[in-house]
1. Is it the case, given these coordinates, that W96 is closer than 25 Å to R277 by Cβ, open to solvent by 40 Å² or more (accessible area, probe 1.4 Å) and touching a strand residue (DSSP E or B) at 6+ places or on another chain (Cβ under 6 Å)?
2. Give the residues of the range 48-64 that are over 18 Å from I8 (Cα atoms) and either modelled with pLDDT of 95 or more or surrounded by 17 or more Cβ atoms within 10 Å (Cβ to Cβ) (or both), sorted by residue number.
3. Can you work out which of the residues in the range 76-93 that are without any contact (Cβ under 8 Å) to a residue 60 or more places away in the chain and assigned to a loop (DSSP other than H, G, I, E, B) is farthest from W189 (Cα to Cα)?
4. Please state which of the following conditions G282 fails to meet, knowing it meets all the rest: (1) closer than 28 Å to G35 by Cα; (2) part of a loop (DSSP other than H, G, I, E, B).
5. If E118 passes every condition in (1) acidic (D, E); (2) surrounded by fewer than 20 Cβ atoms within 10 Å (Cβ to Cβ); (3) in contact with a strand residue (DSSP E or B) (Cβ under 9 Å, 6 or more places away or on another chain) but one, which one does it miss?
6. Answer yes or no as to whether A113 is open to solvent by 60 Å² or more (accessible area, probe 1.4 Å), among the aliphatic types (A, V, I, L, M) and part of a helix (DSSP H, G or I).
7. Restricting to the range 251-279, what's the tally of residues that are open to solvent by less than 20 Å² (accessible area, probe 1.4 Å), of a type in the set (F, W, Y) and either within 18 Å of A107 (Cα to Cα) or in a loop (DSSP other than H, G, I, E, B) (or both)?
8. Name every residue in the range 255-282 that is out of contact with any helix residue (DSSP H, G or I) (no Cβ under 7 Å at 6 or more places or on another chain) and free of Cβ contacts under 8 Å to residues at least 60 places away in the same chain, in order of residue number.
Amino acid sequence: MPAAEVEIGEDLVRSLLVEQHPDLADRRLTPVAEGWDNVIYRLGDDLVVRLPRRQLGADLVANEHRWLPDLAPRLPIPIAAPIRTGAASGDYPWAWSICPWFDGEVAADAALAAPQVEARRLGEFVAAFHSEAPTDAPANPLRGRPMSYLRARIPESIERSGTLVDRGRVAKRGAELLDVDDWGGPPLWLHGDLHSANVVVRDGSITAVLDLGDLTSGDPACDLAIAWMLFGERERELFRTAAGSRFPIDDATWQRGEAWALHFALLYVLHSRDNERFGRMGAELLAAVDAR
């Protein structure tokens, strides 16, 4: 994974709570995860503390603080919107967040009890999210971009992959998927990082969507890649119909969604040497887009 630019441990988290949220400072802290961008500690039973571990993650926190409180109420599945915010201090250089805790497992590690039902539910979430974005929506250089972005990135990732993938097969599939028109509609709100490790499942049902730091606007196809991560072919069609209830998902948009899925699969494979879950996600996603 990308290297941490700030080392974050329990002592630092506790000191920030004492300084800025003293009414929560005596709660139990339990380390939960260290992702590419954030370190997460559970705070008591019902909250988590999310602290950026590198500048790129810190840049995204401002977007969460600015936009998520307005977006969250209109979504049919809860999201990890901040309920309190933290500021930089003498011991820590960036803004940070306190968010709700959602019981369950991430979908990358958990089976769905009724995939057809969950495909519709997640599609309805995506449809609600994909409203027209304001002109001052946050920019993101890595998400929601035109196909010219993927036409450069996918071959680059294939070249870097060495023996991790069948480069000839992946290149052939990539060429097929990238032969598609760009999005011609208005820029829509995007989650930006909607993958199976950012979806919480409890008792086989999706209960929350996490990590909206990549929130941006653009081509909705970027968020459609989740369909190849979570669902089989039949369920994907149910997801597609539900996700397109506001802005219909034509064949070109669906194909671009699969191209984004291939792009993410290659990233997961390339950056998973120290993360078994992402390695597994990458391999499964390559198989789902018929590129393994």
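1. no
2. If the condition is that a residue be over 18 Å from I8 (Cα atoms) and either modelled with pLDDT of 95 or more or surrounded by 17 or more Cβ atoms within 10 Å (Cβ to Cβ) (or both), then N63, E64 are the ones that fit.
3. Selected residue: G90.
4. Among (1) closer than 28 Å to G35 by Cα; (2) part of a loop (DSSP other than H, G, I, E, B), G282 violates only (2).
5. (2)
6. no
7. 2
8. R273, E276, listed by residue number.
The values are calculated or read from the model by the stated rules, or taken from the named source; none is laboratory data. What you are looking at is a predicted structure, and each value in this text was computed from that prediction instead of being measured. Counting neighbours? That spans all protein chains shown, and the Cβs are built from the backbone with ideal geometry, glycine included. Heads up: the accessible areas ignore ligands, DNA and RNA and are worked out on the full protein's heavy atoms, side chains in. Shrake-Rupley method; radii C 1.70, N 1.55, O 1.52, S 1.80 Å.
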